Amino acid sequence: MKRICFVNYDMTVTGGVEQVTTSLANAFCNDYEVYIFAIFGKDGKVPYEWDERIHYHAELKWDCRIRKRIQKCFKPFKKYIKENQIDLVFLMENHPALTVSPVRFFTRARYVFCDHGALINEQEKKDITAFRFWASLISHKTVTLTEQNRQDYIRRFHMNPKKVQSIYNWIAPEILECRGEYDHTSKKIITVGRFSEEKGYDMLVEVAKRVLTVHPDWEWHLYGTGDTLEEIRESIEKNHLTSQVIFKGNVKQVYRKFGDYAFLVLPSYREGLPLVLLEAKACGLPMISFDVMTGPREIIEDGKDGYLIEPYNLDKMAQRIEELMLDDEKRAAFSEYTKEGIQRFEKEQIYRQWQELIEELTKHA
């Protein structure tokens, strides 16, 4: 049985990359021997339900500077790959890829760089762009979440098109099974995501001020934790929104809560292929998102199952939110339309693409 290893930054935090890693690792256990190597998270609790066949190792306890991180991980990771006779390594995002990339030249394993973001959304960040270039250069294959991001890699880095492939995240069958009858009487909005600068919670506060103060019977629930949580909490208190904006923390399988809500709002500055939008679509929840360069447009059909807003236009975002708040028939119609196009994200179809990729790269292993 071929052996594959996922390399992640920290599996003790909750985020899209960690959820995708969990989903892939659990699925691959049926056909491969699966390992997960985390840079950080030693002695921490993993908040995901893993197949008992998954082998897990976290190397470092505390975060540190990149150079020190590379130095500390080089020997342990090389030993881990060799001792476990790993055939294929999935580098899950930029920092893990940069941290362990030197080992690539000292083992027989094949490497796949998985970019869960979008090149065009962070092109002004020269360090991140350089990380992506290096990771795609040293890897045998690069996998992007969207076709647009694939084309950006080919154009920006002059890559051979055969070396870059786009594969969607799938919607887990258990999420599809959670779809119930839409509650058009709900007066609660939901946002799910890590509290970090790119997730746009600062913009969410500004929009919440505009819509909640004139709709005192509505609430906005925020699920997640992260670095900017306390900052956003203080902003909510400062703007006297604590009775309507409710912090719900981390919740496992948060999609099971979607049936309680009227619609979902994604205020991010940038995205790859937002997992939370896929889950919302699967559960029949109308969606509102900024039309950032990659991701939301491949999931939301504007005016049919949600709204795509000109990036960072807070007035328009507030207007569209209020439209849905005031029109339960439109919300119900949007919910019904979420069934369209769901087949593109079904697990069986997407798993087959991953299998073909693994077999292609390890056929001589």
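FYI, it's all coordinate maths here, none of it is from the lab. These numbers come from a predicted model, not from an experiment. Please note: Cβ atoms are built from the backbone with ideal geometry, for glycine as well, and neighbour counts cover all protein chains shown.
So what is the relative contact order of region 260-365, in percent, for Cα pairs below 8 Å that sit 6 or more residues apart? Working shown, then result.
Numbers: 128 pairs, mean separation 25.6, N = 106.
Once divided by the residue count of region 260-365, the mean separation gives 24 percent.
Suppose each label sits 7 Å from its Cα in the direction of the beta carbon; what would the Arg352-Ala333 distance come out to in nanometres?
Using points 7 Å along Cα→Cβ, the separation is 3.6 nm.
Nearest 500 deg cm²/dmol is fine: what mean residue ellipticity at 222 nm does the chain get from its DSSP H runs of n ≥ 4 alone, each adding -39,500 (n - 2.57), divided by its residue count? Display every interim value, and only then the final one.
Numbers: 12 runs with 135 residues, N = 365.
Estimated from H runs of four or more residues: -11500 deg cm²/dmol.
Please list, in chain and number order, the residues 5+ apart from Val89 or on another chain whose amide H is under 5 Å from its amide H, with Hs placed from the backbone.
Those lying under 5 Å, H to H, from Val89 are Cys5, Arg110, Tyr111, Val112.
Specify which labelled value, from [x] 20; [y] 39; [z] 25, agrees with percent of Cα pairs over 37 Å apart derived from the coordinates of the model shown.
Read-out taken from this structure: [x].
Go through region 286-319 and name the trypsin sites (Lys or Arg not before Pro) that are in a DSSP coil and have 11 or fewer other Cβ atoms within 10 Å of their Cβ. It would help to have the intermediate numbers written out before the result.
Working: sites: Arg297, Lys304, Lys316; in loops: Lys304.
Passing sites in region 286-319 do not exist.
Is the C-alpha gyration tensor of region 174-344 telling us rounded, prolate or oblate? Criteria: a/c under 1.5 is rounded; beyond that, a/b larger than b/c is prolate, otherwise oblate. Don't skip to the answer; put the middle values down first.
On the way: a/c = 1.40, a/b = 1.30, b/c = 1.07.
Rounded shape, in that the Cα axes give a/c under 1.5.
Dipole of the chain, Cα-centred, from +1 at each Lys and Arg C-beta and -1 at each Asp and Glu C-beta, to the nearest 20 debye? Walk me through the numbers on the way to the answer.
Values: 53 positive and 56 negative charges, 426 e Å.
Using Cβ point charges on Lys, Arg, Asp and Glu, the chain gives about 2040 debye.
Hey, what did region 174-344 get for relative contact order, percent, Cα under 8 Å, at least 6 apart?
Numbers: 308 pairs, mean separation 44.6, N = 171.
Dividing the mean separation by the residue count of region 174-344 yields 26 percent.
For Met287, what residues show an amide H to amide H distance below 5 Å, using hydrogens built from the backbone and excluding near sequence neighbours?
Placed amide hydrogens put Leu264, Gly306, Tyr307 under 5 Å from Met287.
Work out, in µm²/s and without decimals, the Stokes-Einstein translational diffusion coefficient of region 42-132 at 10 °C, 1.306 mPa s, Rh from Kirkwood over C-alpha pairs.
Details: Rh = 14.8 Å.
In µm²/s, the coefficient rounds to 107.
At what distance in angstrom do the alpha carbon centres of region 250-268 and region 99-164 lie from each other?
31
At Asp260 and Arg233, where each label point lies 7 Å from the Cα along Cα→Cβ, what is the point-to-point distance in nanometres?
Between Asp260 and Arg233, the simple spin-label model gives 1.9 nm.
By its C-alpha gyration tensor, with a ≥ b ≥ c as the square roots of the eigenvalues, how is region 55-96 shaped: rounded for a/c under 1.5, else prolate for a/b larger than b/c, else oblate?
Numbers: a/c = 1.89, a/b = 1.56, b/c = 1.22.
It comes out prolate by the Cα gyration axes.
Distance between the C-alpha centers of region 185-242 and region 306-365? Whole Å please.
22
Phe106 to His215: extension gain in nm, 0.36 nm per residue of separation minus the Cα-Cα distance? Display every interim value, and only then the final one.
Working: separation 109, 0.36 × 109 = 39.24 nm, distance 6.10 nm.
In short, 33.1 nm is gained.
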